[in-house]
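**Q** One structure follows; several queries about it will come next.
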Amino acid sequence: MKDRPGRVAIEGVTPEIDGGRFPAKRTAGDTVVVECDAFADGHELLAGVLRYRWEGDAVSRGGWSETPLLPLDNDRWRGIFVAARAGRYRFTVEAWVDPFSTWAHDLTRRVEAGQDVRVDLRIGAEMVRAAAGRAPSRRRGPQTPSDRARLTGWAGRLETGDEEAVRMALSAELADTMRRHPARDGASRYAPELTLVVDRERARFGAWYEMFPRSTSPEPGRHGTFADCERRLPYVAGMGFDVLYLPPIHPIGRAHRKGRNNSETAGPEDPGSPWAIGAAEGGHTAIHSDLGTIDDFRRLLARAREHGLEIALDLAYQCAPDHPYVREHPEWFRRRPDGTVQYAENPPKKYQDIYPFDFDSDDWRGLWKELLGVVRFWMREGVRIFRVDNPHTKPFAFWQWLIAEIHRTDPDVIFLAEAFTRPKVMYRLAKVGFTQSYTYFTWRTTKADLTAYFTELTRPPVRDFFRPNLWPNTPDILHKYLQDGGRPAFAVRLVLAATLGANFGIYGPAFELFEHRSAAPGNPPPASEEYLNAEKYEIKRWDLDRPDSLRGLIARVNAIRRAHPALQRDDTLVFHSVDNDQLLCYSKTAPAGGAGQAGGAAVLVVVNLDPAFAQSGWTTLSLPALGLGPDDPYAVTDLLTDARYTWRGRRNYVVLRPAEQPAHIFRLDRAP
């Protein structure tokens, strides 16, 4: 019966997101590990393969590649392939009862028991001859017979039933050749086919720097330009950043423009919020005239590339009241009973300078198409990274469609979701396609919170679809830890963000100059995470040459990240015990040849979470996680200071004084 049901049950496939409804995520060059449970009735042995293909390949008999499933413990199996290029992959597993392996296993036991196996050898010869019929007749090399010829010869040899036949029957050479041409009658294949989105390396590892272009002028009182941004590029690149993220660069609305400190009344010189997009001059595909022209922007992109920087643009799907869309497409906005357009609100906060789109509009298809066109416009200008403002206020289905449309032709485009909202909503946005995601790192300041949160983010299933990007501050968020802790607090959060996460970012120059003044200081209430004199509402002039700037520390940390592959991934994070709740200890490793990396030393980080006082304690390291034995001596080099120590065993003493050095970033090397 050719189409009989398969006997093998396949369960527990990983990575699998929500029953295969969404793809898992990896980056180009990653080694993809697929596991499953596979078992059958009876006592026969199983065999199986992992099947995979890049979606760009034609769906045909030759379109799939296969690699063997290897047994682990307790009916668990594993297959591995390398995702060599960006795009979308499909994969599944197939398993079957393996008559030849079962026969060879039983033959071994019969031979060990001294039984007559001549009949058994004849049974084996029939299976080998059948495999010869499945094998191609072409030679494997100029001096090597084809598999068909070899199998045919071996089948005849087994039929002799002598001791040499037994040796040949149990040889690794025969077993390997038979595995290449298995009988797959009654094979079971896991359904549905699963998907894997493979992004470029920048999706996995990068340092972001956020900067307001209008605040880059060296002349007090003058609006910054793209030319001023060009002059700022060596400063940003010199700190080791990979991505320069610019808030919206479009015309800013004049109707209901906000004044300084979010005042509802703007003065004649107030520039307004860049997120109030659109005016008579244009909307989401226009450039604020004070910044320059589209040619100036193109020049900035080119100069940024020369400095090793990519420009990321803000994608904020909302309008100022005088945006051309409001006049040209009134159907895209919601009306109040008095006929006015509904502005944005987050009660009790009101944003009269912003009109949200109505995604329930009868013309939702036209709206979706237009917003897709905005992304494609900036892609044509050379932008490949977008930070998306408040995506959780737009439909999941919209983002799933838009990102899929972009990635269908341009899989290298990166989308970062700025969604500070409920966990399940943040996770859903990642599942529907966002490449990276903001996190709760900003509000995780204690040892217990950091340990629990990052254990969740770096373990399956979350790590298979959610790629975190850690920000200690943003133009909207100045956490109380930074308000109260002074310069050491900023140093602590820098080290945590840059080493807990392979992707991190800072809003500067506010960060390196440790801007900590709150619009409403004190304990709640009325504590506020809003900045006093926030840059969102005014042009700032920053003293970049201040001697107490954290610029040097940032450059050192980013150089460490680039030099150590262990810090360029999130999936090897391990927390280690310290007998002081103010000290956090963790490590990352990059195994040689794994996940597209060349390998490298383990990195061990110890951070003093207390920005005010010295803290000390004894670490208790998980030595196997570091590749060390219980009595191995090993050297630790502090990559921040170049100090070198020899440690041995699990317990070692550390002391950190925040004003001098709030953290150790150790490279571990085996002692000679």
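**Q** Test PRO509 against the stated conditions and say whether it is open to solvent by less than 10 Å² (accessible area, probe 1.4 Å) and in a loop (DSSP other than H, G, I, E, B).
**A** Yes; evaluated as a whole, the condition is true for this residue.
**Q** Can you tell me which of ALA84, ALA130 is out of contact with any Asp or Glu (no Cβ under 7 Å at 6 or more places or on another chain) and farther than 19 Å from ALA183 by Cα?
**A** Of the residues listed, the single one that is out of contact with any Asp or Glu (no Cβ under 7 Å at 6 or more places or on another chain) and farther than 19 Å from ALA183 by Cα is ALA84.
**Q** Of the residues GLU44, GLU94, GLU11, which single one is open to solvent by 60 Å² or more (accessible area, probe 1.4 Å), part of a strand (DSSP E or B) and over 20 Å from HIS407 (Cα atoms)?
**A** GLU11
**Q** Would you pick out the residues in the stretch 254-298 that are β-branched (Val, Ile, Thr) and under 29 Å from LEU367 (Cα atoms)?
**A** ILE277, THR285, ILE287, THR293, ILE294
**Q** Got a sec? Which of THR285, THR265 is over 22 Å from ALA227 (Cα atoms), open to solvent by 30 Å² or more (accessible area, probe 1.4 Å), out of contact with any Pro (no Cβ under 9 Å at 6 or more places or on another chain) and among the β-branched types (Val, Ile, Thr)?
**A** The match here is THR265.
**Q** Evaluate the stretch 205-228: report whether one residue or more is open to solvent by 20 Å² or more (accessible area, probe 1.4 Å), modelled with pLDDT of 95 or more, outside any loop (DSSP other than H, G, I, E, B) and over 30 Å from VAL13 (Cα atoms).
**A** yes
**Q** Ok, one more. Looking only at the stretch 616-640, count every residue that is open to solvent by 40 Å² or more (accessible area, probe 1.4 Å), modelled with pLDDT of 95 or more and either under 30 Å from the mean Cα position of the chain (by Cα) or under 14 Å from ALA602 (Cβ atoms) (or both) and tell me the total.
**A** Number satisfying all stated conditions: 1.
**Q** Would you be able to say whether some residue in the stretch 191-204 is out of contact with any Cys (no Cβ under 7 Å at 6 or more places or on another chain), free of Cβ contacts under 8 Å to residues at least 60 places away in the same chain and open to solvent by 60 Å² or more (accessible area, probe 1.4 Å)? Spell out the reasoning first.
**A** Start the filter on the stretch 191-204 by keeping residues that are out of contact with any Cys (no Cβ under 7 Å at 6 or more places or on another chain), which leaves 191-204.
Now restrict to residues that are free of Cβ contacts under 8 Å to residues at least 60 places away in the same chain: none.
No: the stretch 191-204 contains no residue that is out of contact with any Cys (no Cβ under 7 Å at 6 or more places or on another chain), free of Cβ contacts under 8 Å to residues at least 60 places away in the same chain and open to solvent by 60 Å² or more (accessible area, probe 1.4 Å).
**Q** For the stretch 441-452, check the following and say yes or no: at least one residue is out of contact with any Phe, Trp or Tyr (no Cβ under 9 Å at 6 or more places or on another chain) and β-branched (Val, Ile, Thr).
**A** yes
**Q** Going through the stretch 503-561 one residue at a time, which ones are among the charged types (D, E, K, R) and more than 30 Å from LEU639 (Cβ to Cβ)?
**A** The answer is ARG517, GLU529, GLU530, GLU535, LYS536, GLU538, LYS540, ARG541.
**Q** Which fully enclosed helices (runs of 4 or more DSSP H) of the stretch 122-190 have 1 or more residues being acidic (Asp, Glu) and surrounded by fewer than 18 Cβ atoms within 10 Å (Cβ to Cβ)? Even if it seems obvious, please write down each step before you answer.
**A** Numbers: elements: 147-158, 163-169, 172-180.
So the answer is 163-169, 172-180.
**Q** Continuing with this model, one more query. Just checking, does the stretch 100-111 include any residue being in contact (Cβ under 8 Å) with a residue 60 or more places away in the chain, closer than 25 Å to ASP185 by Cα and open to solvent by 70 Å² or more (accessible area, probe 1.4 Å)?
**A** yes
**Q** Within the bounds of the stretch 295-310, is there any residue that is among the aliphatic types (A, V, I, L, M) and out of contact with any helix residue (DSSP H, G or I) (no Cβ under 7 Å at 6 or more places or on another chain)?
**A** So the first thing to find is which residues in the stretch 295-310 are among the aliphatic types (A, V, I, L, M), and the list is 300-302, 304, 309.
Those left that are additionally out of contact with any helix residue (DSSP H, G or I) (no Cβ under 7 Å at 6 or more places or on another chain): 301-302.
Looking for residues that are among the aliphatic types (A, V, I, L, M) and out of contact with any helix residue (DSSP H, G or I) (no Cβ under 7 Å at 6 or more places or on another chain), one finds at least one in the stretch 295-310, hence yes.
**Q** What are the residues in the stretch 453-473 that are closer than 13 Å to LEU500 by Cβ, free of Cβ contacts under 8 Å to residues at least 60 places away in the same chain and open to solvent by 10 Å² or more (accessible area, probe 1.4 Å), if any?
**A** The answer is TYR453, GLU456.
**Q** Within the stretch 258-305, can you find the residues that are over 36 Å from the mean Cα position of the chain (by Cα) and in a helix (DSSP H, G or I)?
**A** ARG260, the sole residue that qualifies.
**Q** Could you count how many residues in the stretch 316-349 are assigned to a strand (DSSP E or B) and in contact (Cβ under 8 Å) with a residue 12 or more places away in the chain?
**A** 4
**Q** Against the definition (assigned to a loop (DSSP other than H, G, I, E, B) and crowded, with 20+ Cβ neighbours inside 10 Å), how does ASP353 come out, yes or no?
**A** In short, yes.
The values are calculated or read from the model by the stated rules, or taken from the named source; none is laboratory data. This structure is a prediction, so every number in the text was calculated from the model and none was measured. Every residue, glycine among them, receives a Cβ derived from its backbone with ideal geometry; neighbour counts consider all protein chains shown. All accessible areas refer to the heavy atoms of the entire protein, side chains included, with ligands and DNA or RNA removed. Shrake-Rupley method; radii C 1.70, N 1.55, O 1.52, S 1.80 Å.
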